[in-house]
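To start, the structure under review is shown below, and the notes come after it.
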Amino acid sequence: MDDIQTRLKETSQNCLVAYESWDEDRQDKKAQEALHAAIHELRKVSSRLEIDLAVSERNQSTAKPLPIPAHKSSNKNSGVAILDSGDVSNVDNGAQKPIIQKSAPRRRRAPRKPQS
C-alpha cells in the first residue's frame, strides 16, 4: 500500500501544480497538455487503487460462489436423439422422453418483379 500512497501523493501534487499553471494562462497549449497528462496519471493511480480495493474485498468475502442454475446446468436433449426425418428415438432403456419435432425449413419468398 505504500507504493500506491506515494504515487497518489506525487501525482495529485503534480496535477495541482499543472492545474495552477494552466489556470494562470488558459491559452497556453503546453500548460494544457501538461494538465491533461497529469490528469491521466492521476486516473491511472486511482484505477490501481480501485483494483486493489476490489481484490481486498474479494479476499475478505466469505461468501460461497453461486451455484450454476438448474436450467443452465441440465442438458435439455439428454437421452433423446433427433433423426433427420423428424422421428425421435429414445436412447436409454425405452424410457418415455418428450417428442421433439424439427420444424420444416422456411421457404424463401420469390423475388419481386421490377416495376415498369
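The values are calculated or read from the model by the stated rules, or taken from the named source; none is laboratory data. Since this is a predicted model, take the numbers as computed values, not measurements. FYI the Cβ positions are ideal-geometry reconstructions off the backbone, even for glycines, and counts take in every protein chain you see. Accessible surface is based on the protein model in full, side chains and every heavy atom, while ligands, DNA and RNA are left aside. Shrake-Rupley method; radii C 1.70, N 1.55, O 1.52, S 1.80 Å.
Residue-wise test of (1) open to solvent by 70 Å² or more (accessible area, probe 1.4 Å); (2) at pLDDT 70 or above; (3) small (Gly, Ala, Ser).
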site	(1), (2), (3)
Arg26	yes, yes, no
Lys44	yes, yes, no
Arg48	yes, yes, no
Asp52	no, yes, no
Ser56	no, yes, yes
Ser61	no, yes, yes
Ser85	yes, no, yes
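Pairing residues of region 30-45 that are among the small types (Gly, Ala, Ser) with residues that are buried (at least 18 other Cβ atoms within 10 Å of the Cβ), at Cβ distances under 6 Å and at least 6 apart in sequence or on separate chains, gives Ala31/Trp22; Ala34/Ala18; Ala38/Cys15; Ala38/Ala18.
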